[in-house]
1. Exactly one of (1) touching a strand residue (DSSP E or B) at 6+ places or on another chain (Cβ under 9 Å); (2) under 30 Å from Asn25 (Cβ atoms); (3) surrounded by fewer than 23 Cβ atoms within 10 Å (Cβ to Cβ) is unmet by Glu56. Its number?
2. Which one is nearest to ligand 1 (Cβ to nearest atom), of the residues in segment 238-266 that are among the hydroxyl-bearing types (Ser, Thr, Tyr) and either more than 20 Å from Arg189 (Cα to Cα) or touching a strand residue (DSSP E or B) at 6+ places or on another chain (Cβ under 6 Å) (or both)?
3. Residues being within 16 Å of ligand 2 (Cβ to nearest atom) and at positive phi: count how many of those fall in segment 267-299.
4. Restricting the search to segment 177-194, which residues are crowded, with 20+ Cβ neighbours inside 10 Å and within 16 Å of ligand 2 (Cβ to nearest atom)?
5. List the number of the failed condition for Tyr269; all other conditions in (1) closer than 30 Å to Glu185 by Cβ; (2) more than 21 Å from the chain's Cα centre (by Cα); (3) not polar (S, T, N, Q) hold.
6. Considering only residues that are basic (Lys, Arg), surrounded by fewer than 20 Cβ atoms within 10 Å (Cβ to Cβ) and in contact (Cβ under 8 Å) with a residue 60 or more places away in the chain, which ones fall in segment 347-379?
7. Select from segment 101-119 the residues that are in a loop (DSSP other than H, G, I, E, B) and not polar (S, T, N, Q) and write down the one among them that is surrounded by the most Cβ atoms within 10 Å (Cβ to Cβ).
8. So which of Val197, Val154, Val141, Val122 is of a type outside the set (Ser, Thr, Tyr), modelled with pLDDT under 95, surrounded by 17 or more Cβ atoms within 10 Å (Cβ to Cβ) and in a strand (DSSP E or B)?
Amino acid sequence: MTVTIIGGGGREHAIAWKLKNDDKNIRLYAVPGNGGISGIAECVSIDTSDVVKLAEFAEEKGSDYTIVGPEVPLSLGIADIFAERGLKVFGPSMKGAMLESSKVFAKQFMKRNGIPTADFIVVSSHDEGVKALEEAEYPCVLKYDGLAAGKGVVVAENREEAVMFLDGVYGRKVFGRGSRKVIIEKCLRGRELSYLVFTDTLSFLSMVPAKDHKRVFDCDRGPNTGGMGCSSPPAFFTEDLGKEIRKKIVIPTLNGLSKENVDYRGVLYFGLMLTQDGPFLLEYNARFGDPETQVILPRMKSPLIETVKAVSERRLDSISIEWSDRKSVCVILASSGYPGSYSKGKVVKGLSCPGNVTIFHAGTEKRNGDIFTSGGRVLGITAMGTTMREAREDAYRAAALIDFEGKHYRTDIGLDSSV
Ligand code: AMP
Ligand code: GLY
């Protein structure tokens, strides 16, 4: 079996690690991979937005499956190109990926399928936005329509912050010259939860739930990041809540996709806000989460490739997935300056760790046998335990032993799950 993984973050390291753990003999390629992935896969440097080249690569290497980590190749139609060439790919079609690549498409899809989401309006110019803000209540949430690497959303506390966001979109063009649309929506209050499913559109299998910690500093202070750590399961998650999420959000989404003839085969990620009025959907992601994957896959007991195959062959209803009851936590170690501009090229020491701790590399590269930092999020330290407290203690012990100049991390990951 040969599998190619597209991407080079902690999520892709966790996917590669899981596949290798399930089957020592699997042959793995990673495009582009990173310093950690290079220990278990052959890393190849191809531009991950060049979807035709990626298809040629899969053909040349006889890759049985290609698993797509990040959103950009999905939004560019990698699944459609692979399907045209008879290549097997794990990830939705371009139309399916629009649930993530266009927030306007996603919100309108939620509305027409009766999925609970915050009330919103869409504006298409700076003037229209400023006018709409006259009616807004603060805080309110502004979202750029297109992909923005996790930076396209602001929770504006007042009019100045909201107008500043519009200035960025329409004046400085901080998100480029793609979509000209912005969503202005009501701010919801509650706890956030990441709920991911495997789906072939016809049916789905839920993964274990996870809680992301998006802000850079402890107690959810400071700017948003790609995610500073995750825990699974969050202490507040109950089976009844899972049932409600499936009934109000997951099933209506899949029914909507089927009705609209969208071929969706991959992971669908529901970013939820658990409000006093029940779960509301903030966003879809058309892929595995990062760092959610680093706490979810270590709890997956069944072989990942069997699920990938079943999704690809549209027979997900014929299999089941076994999950471990153990708790998992992942603490991200970030470079100095992240999520702003950050330092790179710092040597990383202290990477050996005890058995129940796994280090997933994100922004690292290997040079002459040494590991150097090369990104904002550098490493994810995942630990498993019978209790969340045990998992946290082990993860933080390992985190303290790892050293690189400027290392910073949150100290409260999984704390609200410490039971
Ligand atoms: P999104 O990319 O839509 O998930 O937004 C990124 C983050 O912004 C979310 O994880 C929330 O923390 C916050 N957010 C988005 N929409 C809302 C909302 N309607 N109310 C409150 N916070 C929100
Ligand atoms: N952890 C958030 C995301 O993957 O988008």
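The values are calculated or read from the model by the stated rules, or taken from the named source; none is laboratory data. None of these values were measured; they are calculated from a predicted model. Backbone-built Cβ (ideal geometry, glycine too); neighbour counts: all protein chains shown.
1. Unmet condition: (1).
2. This residue is Thr253.
3. Going through segment 267-299 one residue at a time, the tally reaches 0.
4. Of everything in segment 177-194, those that are crowded, with 20+ Cβ neighbours inside 10 Å and within 16 Å of ligand 2 (Cβ to nearest atom) turn out to be Leu193, Ser194.
5. (2) is the only condition that Tyr269 fails.
6. The answer is Lys366, and nothing else.
7. Ile115
8. Every option except Val154 fails the conditions.
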